[in-house]
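A short reminder: the numbers here are calculations on the coordinates, not readings from a lab. Owing to the predicted nature of the structure, the values given are computational and were not obtained by experimental measurement. Glycine also receives a Cβ, built like all others from the backbone with ideal geometry; neighbour counts cover every protein chain displayed.
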Amino acid sequence: MTMAEATSCVARDIFGRLPDGRAVERVVLRGAGGFEARIITYGATLQALVVPGAAGRLDDIVLGHDDLAGYLTRQFFGVTVGRYANRIANARFWLDGDVMQLAANDGPNALHGGRDGFDQQLWQICEIEDAAWPGVTLGHVSSDGDEGYPGRLDVRVTYRLTGPTELSISFAARTDRPTIVNLTNHSFFNLEGAAHADILGHRLTLAADRFLPIDAALIPLPGPPCSVIGTPFDFRAPRTIGARIDHDDEQLRHGRGYDHNFCLDNDGALRLAARLEAPASGRVLELLTDQPGLQFYSGNFIEGAVPGKRQQRYRPRAGLCLEPQIWPDAPNRADFPSPRLAPEQEYRHHSVYRFTAGRSG
C-alpha cells in the first residue's frame, strides 16, 4: 500500500459485472474510527454501512448482499428508488388535465418507480471528492415516457460523510416538462448488525403525531391523517418495536406490521425525524430530513430465498426502513404535499444519518 492509499478517505473498485458485461463500480467513503459507507453504481445503492458500537466494535448495519448477483433479484436493499417512491393507486394520476398511465407492478398499483425503476439502473459516477469529508455523486437520466412518467429527468444523488460517524444523502433532479418526483434511499437497518435475527428489540422514537391509515392494498385511505394518540403508532416517546407490532389492530393487519407514512411537521427544513436505539450494540441512529413524510416499514415482507450478507437467510423483520419522502399516492391527493416538478424548478431532498454509540446491554 502506498502512502497515498493509506491516507486516502476514498477507495474505488469493480464490484461486479452485469449480464451484458457492463462494470458495476463501488466507491468506499472512510470516516473516523472505522466508520465506512460503501456505494455501488447499480441502483445508486448503499451496499454497506460500517458503524462502531459499544467499545468501538465495528459492524455492517444495513441488509444486502456480498456480491452483485443478489442485487439483481430486486429486493430494494439500500437502493435509490424513483421516479416515485412508495405507491401510486391504480398506477395512474392526473397532471395538468391529462391522465398519466404508469406501469403497474404491485397488483393494480405502481410501486417504487414501476417494473424497471431507478433501483435497476446502472448509474454513472459524476464526481468523487477525496477530502476530510469524502463524497461521491452519481447521476442517471430517465427518458421522457420512462415507465409512463412524463418528461426527461436528470437525477443526481450525493453520498457524503458530514461528520465522524454521519452520512448525508442528497437528491436533486430537473425536468424538461412538468412531471412528478419523489426519491428516497431504501436501506434496511439493523443496528445490531446485518446478520442479527430481527429488529423487534430496537427502540424507536418518531417526531410525528399523525400517520396515514391505509387500505388492504397499502394505499392511504380517503380523509385526513389520523392521530397516533391511543394507537400502536404512537412513537412520540421511545417504544420497543416488537411491543405492539402484533396487536389486534386493523392497520397492523393491513401491513403485517408497520408499513405506514408518518407525517412530519418540519416546514421543509432539516429536522430530527427519528431516533433508533439498539440495546445490545449500544448503537443509536438519529435521522434528520427536510421531507414531509417518513415511511416506517418493519420489514414484514422480507424473504430469504436469496442469501444475504455472510450467507444469512433474511427473515421477515430482519431489518427496518425509515424512508424520508413525499406522502404515498400524493399525485392523486390534492390534500397531500405536492410532488409536481416544473422545468423552472429543481427537486431537492436532504437527509442525514447520524450515529453514536452508548453502552450495550
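Annotations
- For peptides 321-331, 221-231, 78-88, 138-148, sequence by mean Cβ density within 10 Å, most packed first: 78-88, 321-331, 138-148, 221-231
- Using the Cβ-Cβ distance between ARG177 and ILE125 with R0 set to 25 Å, the FRET efficiency from 1/(1 + (r/R0)^6) comes to roughly 0.35.
- Cα centroid separation, region 230-261 to region 56-101 (Å): 23
- For region 3-357, averaging the sequence separation of C-alpha pairs within contact (under 8 Å, six or more residues apart) and dividing by the residue count gives a relative contact order of 18 percent.
- Radius of gyration (Cα atoms) of the chain, expressed as a multiple of 2.2 N^0.38 Å: 0.94.
- Proxy reagent accessibility, fewest Cβ within 10 Å first, across ILE61, ILE219: ILE219, ILE61
- Charge-dipole axis of region 1-135 as Lys and Arg at +1 and Asp and Glu at -1 on Cβ define it, positive-most pick from VAL81, ILE39, CYS9: VAL81
- Integer Hz, Karplus 6.51/-1.76/1.60 couplings in order for region 100-109, x for Gly and Pro: 9, 9, 9, 7, 8, 9, 9, x, x, 9
- Cα gyration tensor shape for region 100-244, rounded if a/c is under 1.5, else prolate or oblate: oblate
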